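Novice: Please find one structure pasted underneath; my questions will follow.
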Amino acid sequence: MDLARFKPDPAAAPADADDSVQVVSLYAAHQKIYPRSVSGRFATWRWIFVALTQAVFYLTPWLMWNDRQAVLFELTSRRFYLFGLVLYPQDFIYLTALLIISAYSLFLFTTVAGRLWCGYACPQTVYSEIFMWVERRIEGDRAARMKRDAGRWTGDRLWRAAAKHASWIAIALWTGFTFVGYFTPIRSLGGAAVAMSLSPWETFWTLFYGFATYGNAGFMREQICKYVCPYARFQSAMLDKDTLIITYDAARGEPRGSRSKKADPKALGLGECVDCNLCVQVCPTGIDIRKGLQYECIGCAACVDVCDEVMAKMNYPKGLVRYDTQNGIAQHLTPAQRLRRVLRPRVIVYTSVLLVIVTALATSIALRAPFKVDVVRDRSTLARLVDDGEVENIYRLQVMNATEQQQSYRIAADGLPGLRLSEPVVVDIPPTQARWVTVAVRVPATTAASTAAGAHTIHFSIERTAQATDAAVTLREKSTFMLPR
């Protein structure tokens with residue numbers, strides 16, 4: 001590229017032009033955000049969700065069910081335990097259904113009420129709240145932290161920083177340990193951790209998940225929401241003008257300006273916004289909600305709580321910053337009018353699809369067979385002649401017991417005249433175990449002679465024999481029987 005043509009012409013430049021070079025940075029350096037603590041009804045709800053989500057996450061691995069961990073994903077044995085359900089890799093369709101339900105639930109909730117997930121239940125929000133609470137308890141509120149960080153390192157600053165990071169690391173490591181406890185029985189994992197005998201993979205994932213928690217909640221915080229999480233980028237596709245969002249009532253608040261509590265804002269030509277900037281100080285992503293809807297807003301409603309406090313002190317009506325819709329603000333809709341607009345085509349479609357999938361999943365689980373069978377032909381020998389001219393095919397059947405009691409299964413076959421097993425097969429399988437069974441299937445010489453050569457459809461019948469607590473159940477699996485030419 002010829003750069004000479006981009007150089008300014010000295011003759012064309014004015015005599016008093018500054019010859020110094022001005023460098024313009026295209027990268028804005030990150031400025032640390034110091035969120036101010038806030039109290040109020042939405043802050044209370046946020047902590048309720050923090051407590052609920054963390055109680056579920058930390059306590060669930062310790063629950064017991066039938067003398068085993070209630071929720072356990074054993075990757076080595078390929079068994080997934082969900083309370084009374086025992087799932088195999090063949091049940092992957094259930095995981096797919098759960099992911100689809102989660103996606104449509106997110107779409108539905110976002111369309112109706114904006115980023116509720118981000119503001120109240122997202123792990124990034126939850127752990128950031130926990131880490132910021134620890135930070136405030138040790139280092140003080142916003143002003144104290146800003147003053148301390150701007151000063152030099154002292155003994156007081158050093159011990160507070162050490163205590164804060166030690167607390168963060170402890171929480172992060174316990175989080176990583178709990179995460180691994182969903183894949184390795186947590187009681188044995190705890191014993192191995194105490195004895196310093198964790199396997200390499202258990203050690204890796206505990207440290208990896210702990211490090212991710214420590215880094216994301218302790219340092220990156222709003223950067224995850226603003227730059228890493230894709231949800232912030234595509235949420236606008238799910239929002240419309242009747243979606244409930246955090247919004248600032250500019251018609252009521254502008255023009256903003258400071259004033260005394262006794263002053264009449266109308267006489268001063270001011271709106272009700274006193275320009276205290278507290279809504280910016282409490283925002284975990286550092287935005288100014290008065291600039292309108294922004295993708296960085298996670299819908300936590302901290303600005304709503306602090307603005308309501310200011311309005312109460314100024315004896316103004318609350319709700320200058322509130323949950324509302326764009327149409328609600330523009331058209332001054334009442335709560336009843338906003339509620340009537342909830343049932344719109346997009347919401348109805350999301351709700352209908354979600355109900356269909358949930359119903360299908362629940363029905364499938366309710367009607368799920370208590371065992372599974374896979375049939376695999378012996379490909380080393382497609383067919384062979386045995387005594388008396390009979391034709392024999394060899395199969396391998398994997399019978400998977402999806403219950404937590406030992407079961408007995410009787411195997412039979414049909415589909416061609418005279419088709420039978422070379423010998424009766426009854427197999428006993430321990431609880432939640434699988435076993436491969438080799439089965440020889442034969443047809444008489446007369447059938448082989450009168451039937452065209454090639455592949456013929458047959459069926460295996462696998463019957464769970466009736467027991468005192470379980471009724472008889474039969475599964476039929478399709479396969480092919482090869483007749484030689």
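Novice: If a residue has to be modelled with pLDDT of 90 or more, crowded, with 18+ Cβ neighbours inside 10 Å and under 18 Å from residue 372 (Cβ atoms) to count, how many in region 430-453 make the cut?
Specialist: 1
Novice: Among the residues that make up region 198-206, is at least one of them in contact with a strand residue (DSSP E or B) (Cβ under 9 Å, 6 or more places away or on another chain), assigned to a helix (DSSP H, G or I) and not basic (Lys, Arg)?
Specialist: No, there is no match, as no residue in region 198-206 is in contact with a strand residue (DSSP E or B) (Cβ under 9 Å, 6 or more places away or on another chain), assigned to a helix (DSSP H, G or I) and not basic (Lys, Arg).
Novice: Looking for whichever is over 21 Å from residue 50 (Cβ atoms), under 22 Å from the mean Cα position of the chain (by Cα) and at pLDDT below 95 here; the options are 221, 152, 233, 157. Which one fits?
Specialist: Answer to the check: 233.
Novice: Please verify whether region 186-207 includes one or more residues that are more than 22 Å from residue 49 (Cβ to Cβ) and in contact with a Pro (Cβ under 7 Å, 6 or more places away or on another chain).
Specialist: Checked region 186-207: at least one residue is more than 22 Å from residue 49 (Cβ to Cβ) and in contact with a Pro (Cβ under 7 Å, 6 or more places away or on another chain).
Novice: Which residues, taken from region 236-277, are in contact with a Ser or Thr (Cβ under 8 Å, 6 or more places away or on another chain), hydrophobic (A, V, I, L, M, F, W, C) and in a loop (DSSP other than H, G, I, E, B)?
Specialist: 238, 239, 244, 274, 276
Novice: While we're on this one: When region 175-203 is examined, which residues are found to be without any contact (Cβ under 8 Å) to a residue 60 or more places away in the chain, within 24 Å of residue 126 (Cα to Cα) and of a type in the set (A, V, I, L, M, F, W, C)?
Specialist: Matches in region 175-203: 177, 179, 180.
Novice: Another question, then. Return the residues of region 418-429 that are part of a loop (DSSP other than H, G, I, E, B) and surrounded by 12 or more Cβ atoms within 10 Å (Cβ to Cβ); say none if nothing qualifies.
Specialist: Of everything in region 418-429, those that are part of a loop (DSSP other than H, G, I, E, B) and surrounded by 12 or more Cβ atoms within 10 Å (Cβ to Cβ) turn out to be 418, 419, 422.
Novice: Return a yes/no flag: does region 91-107 have any residue that is over 30 Å from residue 372 (Cβ atoms) and either crowded, with 17+ Cβ neighbours inside 10 Å or at pLDDT 95 or above (or both).
Specialist: Yes, because at least one residue in region 91-107 is over 30 Å from residue 372 (Cβ atoms) and either crowded, with 17+ Cβ neighbours inside 10 Å or at pLDDT 95 or above (or both).
Novice: Next question, about the same structure. Output the residues belonging to region 394-407 that are exposed (fewer than 15 other Cβ atoms within 10 Å of the Cβ) and either in contact with a helix residue (DSSP H, G or I) (Cβ under 7 Å, 6 or more places away or on another chain) or at pLDDT 90 or above (or both).
Specialist: Within region 394-407, 396 is the sole residue that qualifies.
Novice: Hey, any hits in region 108-117 for a residue that's of a type outside the set (Ser, Thr, Tyr), more than 21 Å from the chain's Cα centre (by Cα) and either in a loop (DSSP other than H, G, I, E, B) or not assigned by TED's automatic domain parsing to the domain that holds residue 321 (or both)?
Specialist: no
Novice: Of all the residues that make up region 259-290, how many are without any contact (Cβ under 8 Å) to a residue 24 or more places away in the chain and under 22 Å from residue 38 (Cα atoms)?
Specialist: So the answer is 5.
Novice: Looking only at residues that are over 14 Å from residue 39 (Cβ atoms) and hydrophobic (A, V, I, L, M, F, W, C) in region 133-147, which one is surrounded by the most Cβ atoms within 10 Å (Cβ to Cβ)?
Specialist: Among them, the one singled out is 134.
Novice: Please enumerate the residues belonging to region 48-79 that are part of a helix (DSSP H, G or I) and not β-branched (Val, Ile, Thr).
Specialist: Residues satisfying the conditions are 49, 51, 52, 54, 55, 57, 58, 59, 61, 62.
Here is a yes/no grid of residues against (1) over 30 Å from residue 94 (Cα atoms); (2) in a helix (DSSP H, G or I):
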position: 338; (1), (2): yes, yes
position: 347; (1), (2): no, yes
position: 355; (1), (2): no, yes
position: 364; (1), (2): no, yes
position: 372; (1), (2): no, no
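Novice: Of the residues 256, 252, only one is free of Cβ contacts under 8 Å to residues at least 40 places away in the same chain, touching an Asp or Glu at 6+ places or on another chain (Cβ under 9 Å) and of a type in the set (D, E, K, R); which?
Specialist: 256
Novice: Let me ask something else about it. Considering each of 352, 364 in turn, give the residue that is without any contact (Cβ under 8 Å) to a residue 24 or more places away in the chain and either crowded, with 16+ Cβ neighbours inside 10 Å or among the small types (Gly, Ala, Ser) (or both).
Specialist: 352
Novice: Something else: Can you name the condition, by its number, that residue 479 falls short on among (1) farther than 30 Å from residue 76 by Cβ; (2) in a strand (DSSP E or B); (3) modelled with pLDDT of 90 or more?
Specialist: (1)
Novice: For residue 130, all conditions in the list (1) within 13 Å of residue 300 (Cα to Cα); (2) crowded, with 16+ Cβ neighbours inside 10 Å hold save one; what is the number of the exception?
Specialist: Failing condition for residue 130: (1).
Novice: Taking residue 280 as the residue in question, decide whether it is among the β-branched types (Val, Ile, Thr), touching a Phe, Trp or Tyr at 6+ places or on another chain (Cβ under 7 Å) and not in a loop (DSSP other than H, G, I, E, B).
Specialist: In short, no.
Novice: Taking interchain pairs and intrachain pairs at least six residues apart, which have beta carbon atoms under 9 angstrom, with the first residue in region 65-77 and farther than 17 Å from residue 89 by Cβ and in the same structural domain as residue 202 (by TED's automatic domain parsing) and the second of a type in the set (A, V, I, L, M) and not in a loop (DSSP other than H, G, I, E, B)?
Specialist: The qualifying pairs are 65/71; 69/186; 70/64; 70/82; 71/82.
Novice: Let me ask something else about it. Which pairs turn up if I take residues in region 428-451 that are of a type in the set (Asp, Glu) and look for partners that are surrounded by fewer than 18 Cβ atoms within 10 Å (Cβ to Cβ) with beta carbon separation below 7 Å, at least 6 apart in sequence or on another chain?
Specialist: Correct list of pairs: 428/406; 428/408.
The values are calculated or read from the model by the stated rules, or taken from the named source; none is laboratory data. All figures in this text were calculated on a predicted structure; none of them were measured in a lab. Note: ideal-geometry Cβ built from the backbone for every residue, glycine included; neighbour counts use all protein chains shown.
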